[in-house]
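Worksheet: the structure to be examined is printed underneath.
The values are calculated or read from the model by the stated rules, or taken from the named source; none is laboratory data. If you're wondering where the values come from, they're calculated on a predicted model, not measured in any experiment. Cβ sites come from the backbone with ideal geometry, for glycine too, and all protein chains shown count toward neighbours. When the accessible area is computed, the model is the full protein with side chains, heavy atoms only, and any ligands, DNA or RNA have been set aside. Shrake-Rupley method; radii C 1.70, N 1.55, O 1.52, S 1.80 Å.
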Amino acid sequence: MTLAVDRPAPRLSPLPSPGRDEPISLAFGAVPLALDRPEVQDEYFQATARSYLFRQPKQWAVLVEDGREALFEGGPALSEEQFWYSAVTNAAGVAGYQRGMFPLHGSGVLFPAGMVAFTGRSGAGKTTLTAGLVQRDYPLFADDLCLIRPERGTYLTGRGAPEIRLLRDAAEALGWDHDDSFGHQPARDKFAFVREQSPIDDAPMLAIVELDFADGPPRLERLEGVAPFTALVAGIRLRMGLPSFPRAQRGPAFALVTRMARDIPVYRFTRPRRYEAFAAGLDLLVGAFGR
């Protein structure tokens with residue numbers, strides 16, 4: 001997905017020629033306090049079939065309309081790195097949903113046969129696991145947001161920015177020097193790094209892996225029955241859950257998730273929290289997907 005912005009955008013790579021898809025027009029300014037007659041809402045978001053408004057209190061707000069136009073308002077406490085990260089990921093995630101894509105809250109790397117996305121609750125280690133695989137020379141494909149789209153009988157994910165954000169303890173455990181980072185999020189003590197990215201723009205989905213912690217050796221098991229559907233629904237990178245989608249989008253979204261749960265292998269990967277067991281977990285994933 002491409003973006004057209006009204007100012008120089010650090011961390012984004014300019015396209016040498018127009019992209020294949022219609023860009024999101026990303027502007028900056030005051031976001032309205034509310035939508036006119038929202039169909040669904042809670043204390044953070046409001047949505048209609050055409051508009052989605054989200055507010056992160058005292059930090060930022062974004063309004064996306066028709067999958068084409070986004071307006072972002074950043075609070076004064078945001079650093080430059082946080083400002084652009086919040087603006088780009090949230091505008092792209094919402095616009096992707098409005099265009100019929102699946103916005104997965106996940107990070108991923110490129111294996112020989114396709115992209116593997118790691119998803120799970122906040123703190124499950126999505127980025128840390130991705131960073132460990134990047135250290136083993138598997139190219140970074142996306143961090144925090146994977147936009148999955150059906151195309152000609154398969155599912156593709158577009159390449160994200162070549163950035164990865166790690167908590168302090170994860171960065172230190174992996175040996176990533178804080179001085180090499182280009183930004184810091186004090187509220188979460190996260191550091192942002194640039195790493196070599198995949199050379200291709202779009203990759204087929206090889207697998208989606210739901211992460212969790214558990215005692216014992218690392219385990220990778222393929223999910224069956226309704227479990228893949230449940231994992232995908234839990235991984236939607238939107239404030240509103242799938243049952244809360246506006247009526248016009250609810251049916252198509254349920255149908256897309258159902259097809260994805262049937263067509264894309266979904267796994268659960270569990271491992272202990274100890275970093276001493278981290279390498280064994282990477283070995284297991286490389287053995288499953290790296291050939």
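How many angstrom lie between the Cα centre of the range 89-139 and the Cα centre of the range 19-63?
Result: 23 Å between the Cα centres.
Net charge near D212: determine it from the other residues with C-beta under 9 Å of the C-beta of D212, scoring Lys and Arg +1 and Asp and Glu -1.
My count for the surroundings of D212 gives +2.
Put +1 on the Cβ of every Lys and Arg and -1 on every Asp and Glu Cβ in the range 144-291; which of H178, L206, G251 then has its Cα farthest towards the positive end of the dipole?
Highest projection toward the positive end goes to G251.
When the solvent-accessible surface of protein heavy atoms is calculated with a 1.4 angstrom probe, in what order do D21, D177 fall, highest first?
Per-residue accessible area, sorted high to low, gives D177, D21.
Which one, G100, G67, L35, projects farthest toward the positive side of the charge dipole computed for the chain from Cβ point charges (K/R +1, D/E -1)?
Farthest towards the positive end: G100.
Which value, in debye to the nearest 20, gives the size of the charge dipole of the range 66-193 about its Cα centre, when Lys and Arg are +1 and Asp and Glu are -1 at the Cβ?
Roughly 620 debye for the range 66-193.
Send over a whole-number figure in Å² for the accessible area per residue of the chain, probe 1.4 Å.
48 Å²
Over the chain, what percent of the accessible surface lies on carbon and sulfur atoms, probe 1.4 Å?
Heavy-atom surface of the chain belonging to carbon and sulfur, 1.4 Å probe: 51 percent.
Taking springs between alpha-carbon atoms closer than 10 angstrom, which of E39, E163, E210 fluctuates most in the Gaussian network model of the chain?
Comparing E39, E163, E210 in a Gaussian network model of the chain, the most mobile one is E39.
Using the Cα centre of the range 148-291 as origin and beta-carbon charges of +1 (Lys, Arg) and -1 (Asp, Glu), tell me which of L166, G225, G281 is placed farthest towards the positive end of the dipole.
Projecting each Cα onto the dipole axis, the largest value belongs to G225.
Please give me, ordered by residue number, the chymotrypsin sites (Phe, Trp or Tyr not before Pro) of the range 24-64 that lie in loop per DSSP and have at most 14 other Cβ atoms within 10 Å.
Listed in order of number, the matching sites are Y44.
Going highest first, how would you order 115-121, 261-267 by mean Cβ packing within 10 Å?
Packing proxy ranking, top to bottom: 115-121, 261-267.
Only Lys, Arg, Asp and Glu count, each charged at its Cβ (+1, +1, -1, -1), so figure out the dipole size of the chain about its Cα centre, rounded to 20 debye.
740 debye
222 nm [θ] for the chain, helices only, -39500 (n - 2.57) per DSSP H run of 4+, per residue, to 500?
-8000 deg cm²/dmol
Run through the DSSP bridge list for the chain and note the antiparallel percent, rounded to the nearest 5.
Here the share of antiparallel DSSP bridges comes out near 70 percent.
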